[in-house]
Structure formats: C-alpha cells, structure tokens
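Colleague: The structure under discussion is supplied below as structure tokens; questions concerning it will follow.
The values are calculated or read from the model by the stated rules, or taken from the named source; none is laboratory data. Since we're looking at a predicted model, the values are computed, not measured. Note that we place each Cβ from the backbone using ideal geometry, even for glycine, and neighbour counts take in every protein chain shown. Side chains are part of the model used for accessible areas, which takes the heavy atoms of the whole protein and leaves out ligands, DNA and RNA. Shrake-Rupley method; radii C 1.70, N 1.55, O 1.52, S 1.80 Å.
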Amino acid sequence: DKSKSVHASTLILLASKLSVSDSFLANKSGSFVHSSFLMKLIVFLVVLPWVAVFARNFSQDFDLTWGSDRVRILNNGELLTLSLDKDSGSAFQSKNEYIFGKISVQLKLVPGYSAGTVTSYYVSTTDAFSAFPAKILTHDMSLFWLQLASQGSTWDEIDFEFLGNLSGDPYTVHTNVITEGKGDREQQFRLWFDPTADFHTYSILWNPHVIIFYVDGTPIREFKNLDSTKVPFPESRAMRIHSSIWNADDWATKGGLIKTDWSKAPFTASFRNISAQACIWASGSGAYPCSSNSWLAKQLDAPSLERLMWVQKHYMIYNYCIDLKRFPQGLPLECAATT
C-alpha cells in the first residue's frame, strides 16, 4: 500500500546515501552486520508511517500552549504575534511531530528596548510548557528547565534563542543542541542586519547526518552526527516545532545585569511563513513521500562551508568548543569535528 511504498523508498534513499563504513561493520569472521545507525533507521522507517508536509497556517497547524490571550493570529492564519508583559509570556507549538526535516520561519524580533526578554524558536521532544501556569513560566523559568532536565535521555532539542538588549544594541543569537538530556553546547552570534526592522528567515535543517542552523539561507552552525565517537545525535525521537517569548532577565542581557523594563511592555515578536518540509508520524493533507526530498541527505558543500566560516570568523561571539575554562577536564568530544 501507499505507506509501505513510502517506507521502502525512504529507506532506499537513506541507505544509498550512507557510506560503506557507516552502513556496515565487518566482523572477525568476514561477514557483515548492520551498524547501529542503520539499524535504528530501519526500525523507525518500517514501524512508522512517514510522510512530508508543508505547514504554513498558524490557525490550522499549531496549538497555543500558554499565554493564549497574548497571541494574535492575523491575515487568515498567515501571521502570528507573541507578546510578553509583566504577568505572562506566550507560546505555540506544532500539532504534528517530526522526525528529520527542514524547519523555517520568518521572524521579526521585539524592537527598541528588549533587554531581559528571550524570543525562542526551536524543535523539541518535550511538551513541558503545558505543565506550568503562564505566570510561573514568566517569573520562574528555572522550574521549566528543571522539568526538561528531569526527562533525561528522552529530551532532545535544537534551539534558536534571541536575547534582547538595550535600545540600539545588537541582539545575541543563542544556539544550542541538546541530546539525551545533555546540552551545554552553546554558540552565540551577532547578526549582520537589524532583526527588528523587517522579517528574516531562520531555518533548522535536521537529517540523519547533520544539524545546520541557517539565517537567511546562510549557514551559521553545523552539528554533525558523529556516531563513531559515541556523541549522542537526535535520530530516534520525534520533535514538535515550538516558539515562545518569555522573561529571562536573570541571565539574558549582559549576564543578568540589565533587567526587563516592564514600563515598556508589551514586548511583541512577529512570525510568518513558517514551514516544515519534514517527515512526520502520520499522514495528512498535502502529503508527499519523504524520499522525494534532497534535505534528507544534504550536507554543506564547499561554498556553503566558506560562508559558514565567514560568519563564524566575523559574527560568532561565543563558542563552547574553545572554552577551556568551562571544560578544564577537556573539551567535549564533538568539538574536534563540529563547526
């Protein structure tokens, strides 16, 4: 049937993109056994009905998870705004769960004084927001992160966070990759434009080989699947798309020295043209086979690597992979091969 055809065609595509060394391991007797990486792919492809969809309508494709009275959906579902005031922030998440995909959104950040605020856009295995009243989330986000940490090996997440600042000072783009409950993989950037003046596109590419963060189509960060080094990679659990705006003035701006000025509230960020070219768990309207998508095997080519290195040379302001003071016992294993 159709679902079996999707399974088979997707498996063939992924298997064909794997090198021999990734796909099979020779044992002492000379026979071959499947690597753990390929075996995990086979399990998920055979068991689950995968399709790929585009999700563009905020009214139809997303749920409001907290602070719903501070969310506005406009233009027949094509534009959404999230607001933060002293009493609450706000958030939404996708109805669908995805396993691999290219997720993009056009975002215009809070203009003017935004110190202490964080606007986030990420994919995650968790629905932990639903466990807390909005007021608690606004005033004590440490409870939310404690809930996430308690999920341990079931928590995977790929983060864009935009840290507000004083009027006229640049935003900080804070990125992180959390796998099996372990994070501490922060890289931070400035942007080469004013992200409050107009909409710009922020994308996450996540496939079996790599995670790539993009800004307006320019790669800024790469996190590779280093299966041979035992560095965990998110490849076995589906994730939802999330976005939120919340108060983080204990750390977000100059290490917490600059606080949120509530007299300037509400703080509002705007979203449009959100899309998910991705594999999901169940079929839906407008579906097409995952195997028709080049992003499943995409990696950075030479020109893209050059652009990434240019961004990191000129606009990266923090990289955990060179922070020897933070990791006196040695840098994380992935730092030897991650950009």
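Colleague: If packing is taken as the average count of other Cβ atoms within 10 Å, what order do 81-92, 157-168 fall into, highest mean first?
Modeller: Highest-to-lowest ranking by the protection proxy: 81-92, 157-168.
Colleague: Moving to a separate point now. Strictly over 28 Å apart at the Cα level, which of Lys86/Lys254; Lys108/Lys325; Lys102/Lys313; Lys102/Lys325; Lys95/Lys313 would you flag in this model?
Modeller: Lys108/Lys325; Lys102/Lys325; Lys95/Lys313
Colleague: Roughly how many percent of the accessible protein surface of region 186-339 is carbon and sulfur, given a 1.4 Å probe and a whole-percent answer?
Modeller: Here it works out to 52 percent.
Colleague: Contact order normalised by length for region 164-281, with contacts defined as Cα pairs under 8 Å and 6 or more residues apart; what percent is it?
Modeller: 14
Colleague: With the other protein chains left in place, how much accessible area per residue, in square angstrom, belongs to region 151-214 at a 1.4 angstrom probe?
Modeller: Per-residue value: 28 Å².
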